[in-house]
C-alpha cells in the first residue's frame, strides 16, 4: 500500500464513514484533478460524478478561478471581519444581493405575480459552510421573532421529515433523519416536522409503479400540502405560531434526493407566509444553477423557480465554485434593523467565525459567479441538463431501478429489489454502497444516500463523460443481481 494511504489509515478519521470498513481496504488517494476528472496517487483517472460531494461547479483547475485566487494571494489571504472590512467580501456581498433579487426581473415577473408576500434580500452574513449558514439563519430568526413578538415568546421551527441542514447543534435540531441525529437527541432543542412530498413512496399516492419519475404519474389530492396547512393551524391555535419554516427547495438532498412536485413549494410558502412565519431556504446544495433553468428563465436559485423569495437564503458548497469553504446567509432589511441599537442595549448579533468574509474565498466566489453569468455557461448547463435527462432514460430497463428523479443537474436513482413492488433493499445489503464500489472500480466516483445513487456532474462534463457515468452506473446496478461470493464485479 502506498505511503499516503498508510498515513491516512493511521491518522485520519473520515466523516460519515464506518472506520472499521475503511481500514479493511486500501483507500483511493486523490492527488490532482482537471475538469470533471480526478487522478489518484497511482495515476488512475476517475470521473467526478458527484462534484466532490455536491460542491464543484465548473470542474477542477478552472483557469479563471485559479487566476482569481492567485491575484488575491499577491495582496492578502485573510484578515479579520471583526471590526474590519475587505475588498472582495464587500464586492461579493453586493453581487450576491443583486443576483438573489434577480427574481423580480425574471421573465413574467414570477415573484411579483406570485400570491406569496415576498421580501427583497438586502444583507449578508458570511460563514464557513452549510451548517454555519443555517445556524446563522436559525439564530437570527429566533431572536428576530422574540424582538418582534415579545421577549416572552418561545420561537418554534417547522421543517420537513427527512430534513438534513448540517451538523452544528442548531442545524441538527432542524434535521429529522434518525440515523444521523438520534445519537445527539439529548443535546438538541425540539423542532416540529411535517411530511415531505416523497411521491415515489407517498402513502397518499394511489398510482401503481410505472417506468417514469413518480411525480409524473402520481394520483393524489395534494394531501402533503394539506398536512402543512394543518400543522400551521394547530400551532397557531396553541397561541405560538411558528417562527419559521425551513426547507430545501425543489430537492431534499441527504433525505435521499427527494424531489418536490411542481407547485408544492409555492403552495407551502404561501401557507407559511399567511401564518406569519419566516421562510428559511437551505440552498446549500440547490444553489448556483444546480436546479437548472425554470419556466421564467435562467435563475441561480431553486426557490425562484416557483416565485418564492425567502427571508433567509442560505448558500455554501458551490459558492466558491467548490474551491474553498465559504458560506453566506442572505436576509432582509427588516431582520437587520431588529438588531440595530445603541452599544449599551446589546442588540448586536453575537455570532461569528474567524474566517468570516475570507478574502481568498470571496475572490474565488466572485470568479465563479462571473462564470455562471456568462452566456457560454448558461448554454452549457442547459445542454448538460438535456443530455442528463436523455442518458438517464436507459436505466429504466433495469429491474432494480425503482425511480429516477432529476431536477436540473441533480439526479437520484433509487434502487429496489423489484420495481413492480417498490420493495427496498435492507440496510445490511449495502446496495447503494456496492453499486458505487463497482463504479469506482470502473473509473467513476460518486457516493450513495442509502439506496439512492446520486449523480451531480460538474457543469463542464462532456457528453462522452456523461455517457460513461451512466453506463458505468448501469453496470454497477446489473452487478447487484450477480452472486456475492468470490470475486466481485
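The values are calculated or read from the model by the stated rules, or taken from the named source; none is laboratory data. The structure presented is a predicted model; accordingly, all values stated were derived computationally and were not measured. Glycine also receives a Cβ, built like all others from the backbone with ideal geometry; neighbour counts cover every protein chain displayed.
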* Asked: Would you say residue 392 is surrounded by 15 or more Cβ atoms within 10 Å (Cβ to Cβ), in the same structural domain as residue 298 (by TED's automatic domain parsing) and not in a loop (DSSP other than H, G, I, E, B)?
  -> no
* **Residues that are over 22 Å from residue 166 (Cβ atoms) and surrounded by 11 or more Cβ atoms within 10 Å (Cβ to Cβ), drawn from the range 3-18** => 4, 5, 6, 7, 8, 9
* **Residue within the range 176-183 that is surrounded by 14 or more Cβ atoms within 10 Å (Cβ to Cβ) and part of a helix (DSSP H, G or I) present** => yes
* **Which numbered condition residue 106 misses (of (1) at pLDDT 95 or above; (2) touching a strand residue (DSSP E or B) at 6+ places or on another chain (Cβ under 6 Å))** => (1)
* Asked: Looking only at residues in the range 1-33 that are at pLDDT 95 or above and under 23 Å from the mean Cα position of the chain (by Cα), which one is nearest to residue 449 (Cα to Cα)?
  -> 14
* To do: Evaluate the following for residue 77: is it on the phi < 0 side of the Ramachandran plot, surrounded by fewer than 14 Cβ atoms within 10 Å (Cβ to Cβ) and at pLDDT 95 or above?
  => yes
* Asked: Within the range 1-21, how many residues are within 23 Å of residue 178 (Cα to Cα) and in a helix (DSSP H, G or I)?
  -> 3
* Any idea how many residues of the range 140-175 are surrounded by fewer than 21 Cβ atoms within 10 Å (Cβ to Cβ), touching a helix residue (DSSP H, G or I) at 6+ places or on another chain (Cβ under 8 Å) and not in a helix (DSSP H, G or I)? -> 5
* Looking at the range 298-310, is at least one residue under 18 Å from residue 124 (Cβ atoms) and surrounded by fewer than 24 Cβ atoms within 10 Å (Cβ to Cβ)? -> yes
* **Residue check, residue 420 out of contact with any strand residue (DSSP E or B) (no Cβ under 6 Å at 6 or more places or on another chain), at pLDDT 95 or above and part of a loop (DSSP other than H, G, I, E, B)** => yes
* Please tell me if residue 232 is modelled with pLDDT of 95 or more and at positive phi. => no
* Based on what the data block shows, is residue 179 in contact with a strand residue (DSSP E or B) (Cβ under 7 Å, 6 or more places away or on another chain) and in the same structural domain as residue 317 (by TED's automatic domain parsing)? -> no
* To do: Tell me, please, whether a residue that is at pLDDT 90 or above, out of contact with any helix residue (DSSP H, G or I) (no Cβ under 9 Å at 6 or more places or on another chain) and more than 25 Å from residue 353 (Cα to Cα) can be found in the range 178-185.
  => no
* Report yes if residue 67 is surrounded by 11 or more Cβ atoms within 10 Å (Cβ to Cβ), part of a helix (DSSP H, G or I) and out of contact with any strand residue (DSSP E or B) (no Cβ under 9 Å at 6 or more places or on another chain), otherwise no. => yes
* Asked: Only one residue in 266, 318, 276 is in a helix (DSSP H, G or I) and surrounded by fewer than 24 Cβ atoms within 10 Å (Cβ to Cβ). Which one?
  -> 266
* Structure fact -> Quick count over the range 369-383, residues being out of contact with any helix residue (DSSP H, G or I) (no Cβ under 6 Å at 6 or more places or on another chain) and under 14 Å from residue 63 (Cβ atoms), is 3
* Residue satisfying condition, being free of Cβ contacts under 8 Å to residues at least 60 places away in the same chain, outside the structural domain of residue 415 (by TED's automatic domain parsing), surrounded by 16 or more Cβ atoms within 10 Å (Cβ to Cβ) and outside any helix (DSSP H, G or I), within set 241, 261, 197, 209 -> 241
* Residue count for the range 340-364, restricted to those that are farther than 20 Å from residue 78 by Cβ and either buried (at least 16 other Cβ atoms within 10 Å of the Cβ) or in contact with a strand residue (DSSP E or B) (Cβ under 9 Å, 6 or more places away or on another chain) (or both) -> 1
* Among the candidates 443, 412, which residue alone is surrounded by 21 or more Cβ atoms within 10 Å (Cβ to Cβ), in contact with a strand residue (DSSP E or B) (Cβ under 9 Å, 6 or more places away or on another chain) and either closer than 18 Å to residue 394 by Cα or assigned by TED's automatic domain parsing to the domain that holds residue 385 (or both)? -> 412
* Does residue 292 count as assigned by TED's automatic domain parsing to the domain that holds residue 96, in contact (Cβ under 8 Å) with a residue 12 or more places away in the chain and over 19 Å from the mean Cα position of the chain (by Cα)? -> no
* To do: Read through the list (1) within 19 Å of the chain's Cα centre (by Cα); (2) farther than 18 Å from residue 292 by Cβ, then give the number of the only condition that residue 458 fails.
  => (2)
